[in-house]
Amino acid sequence: MANNEVCKTTTLHDVARECPFCGGRNVFLIERRVDGRITRYGVRYASCSASVESDRFRHPWEAIDAWNGGERGRYCDRKDTD
């Protein structure tokens, strides 16, 4: 049986931090559904394709938290604490 993959994107605006590589704000949540059963989430910046992989997270808030650096995350060694 062939995999039927469906991807849905949602703009995150003020929920996600800017891209850690280029500083852009056009960040999206990616919802990936395979064969209508398995759903995984990730976060991607549209212009430079920086991302947190969509095969890893079962819940949208896990992917967003990983993109934002998590509670203890380093967010690409940023010095500020926002």
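Things worth noting here:
- Of all residues in the stretch 55-69, those satisfying the criterion of being open to solvent by 40 Å² or more (accessible area, probe 1.4 Å) and not in a helix (DSSP H, G or I) are D55, R56, R58, H59.
- Taken over the stretch 23-50, the criterion of being β-branched (V, I, T) and within 14 Å of the chain's Cα centre (by Cα) is satisfied by V27, I30, T39, V43.
- Among residues of the stretch 16-27 that are under 14 Å from D65 (Cβ atoms), none has a beta-carbon under 7 Å from a residue that is charged (D, E, K, R) and open to solvent by 50 Å² or more (accessible area, probe 1.4 Å) at least six positions away or on a different chain.
- Scanning the stretch 43-54 for residues that are in contact with a strand residue (DSSP E or B) (Cβ under 9 Å, 6 or more places away or on another chain) and not acidic (D, E), we see that the one that is most open to solvent (accessible area, probe 1.4 Å) is R44.
- The residues of the stretch 20-54 that are part of a loop (DSSP other than H, G, I, E, B) and of a type in the set (K, R), listed by number, are R25, R37.
- In the stretch 32-42 there is no residue that is at pLDDT 85 or above, open to solvent by 30 Å² or more (accessible area, probe 1.4 Å) and of a type in the set (G, A, S).
The values are calculated or read from the model by the stated rules, or taken from the named source; none is laboratory data. Because the structure is predicted, anything quoted here is derived from the model rather than measured. Glycine gets a Cβ as well: all are built from the backbone with ideal geometry, and neighbour counts include every protein chain shown. Quick note on the areas: whole protein, heavy atoms, side chains included, nothing else; ligands and nucleic acids left out. Shrake-Rupley method; radii C 1.70, N 1.55, O 1.52, S 1.80 Å.
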